[in-house]
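What follows is a short report on a single structure.
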Amino acid sequence: MLALTRKVGESIVIADNIEITIIAITGDQIKLGIDAPKSISIHRKEIYLQIQEENKAAAATSEAGAQALKDLMGKK
Amino acid sequence: MEILTRHFGTVDIEEDKIVGFNEGIFGFDTLKKFIVLYDGAEEGNPFAWLQSVEEKDVCLPMISPMFWFQEYSPDVDDELISQIGDLDPQALDLYTIVVIPDDIKDMTTNLKAPIIINRETKKGMQVIVNDDVYDIKHNLYEQLEKLKKAGE
């Protein structure tokens, strides 16, 4: 991992088209501004991790789960 | 061609129904080929299955959210979706992934990260929507009960 030290107002440029700026620092919270093309997805890491976990849970649907789904449809 | 599946044994599929996910899906970024399967008929079926063609045990249940949640209108940048081809809304199918825990009343769907498939280009991707209002775990059982009641 590359570590760079920046002050408020300073930026980092990634590839040619992503710029991250330190907007403000308040206590232990840092506000980051990110300028990037809309074709690039940007989200808090926790969101990515949660979505990965959900996909893994879905992919591991048990036989009982699949059967429950079939039964649900039968009732519908 | 025949493929092995997690819940349906050996299934004969049409190769031109295979959807290419260039980036895979979250948590499974090495799996690039999936097919949408239905248990029984496709018409009117509330559930679909995203089955990996490369890894038989990876099969994710999905719903078409428009059928279940009429107001579901996620905000996704066009530039992001253009990865899977031209943005003809008629060609795009939207699904959300379902998690079925031991107690079916706890079943949820991920409205925050839907699967988008372009039927024309046969490409797909999973996107994270911009809206904060959609949950990663949105209870589906409650919605099912509402729909049943409405139908009565």
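No value in this document is a laboratory result; all are computed from the given coordinates. Predicted, not measured: the structure shown is a model, and the values here were computed from it. Don't worry about glycine lacking a Cβ; one is built from the backbone with ideal geometry, like all the others, and counts go over all protein chains shown.
List of remarks:
- Nearest 10 degrees, 0 to 90: helix A:63-75 Cα axis against chain A principal axis: 70
- Net charge dipole size for the protein assembly as shown [Lys, Arg +1 and Asp, Glu -1 on Cβ; Debye, nearest 20]: 440
- For the residues of B:75-81, the average number of beta carbons from a partner chain within 10 Å of their own beta carbon is 3.
- About the Cα centre, charge dipole magnitude for the stretch B:1-87 (Lys/Arg +1, Asp/Glu -1 at Cβ), debye: 380
- Plainly put, the protein assembly as shown has a radius of gyration that is 1.02 times its Kirkwood radius, both from alpha-carbon atoms, as the Rg/Rh ratio.
- With K and R counted +1 and D and E -1, the other residues having a Cβ less than 10 Å from that of residue A:13 yield a net charge of -3.
- Judged by the gyration tensor of its Cα atoms, with axes a ≥ b ≥ c, the stretch B:22-152 is prolate; a/c meets the 1.5 cut and a/b is the larger of a/b and b/c.
- Lysine pair count for the stretch B:60-145 (Cα-Cα distance under 24 Å; residues 8 or more apart in sequence or on different chains): 4.
- Filtered GluC sites (Glu not before Pro), the stretch A:1-51: DSSP coil and at most 14 other beta carbons within 10 Å: A:10
- Between the stretch B:3-34 and the stretch A:48-71, the alpha-carbon center distance in angstrom: 16
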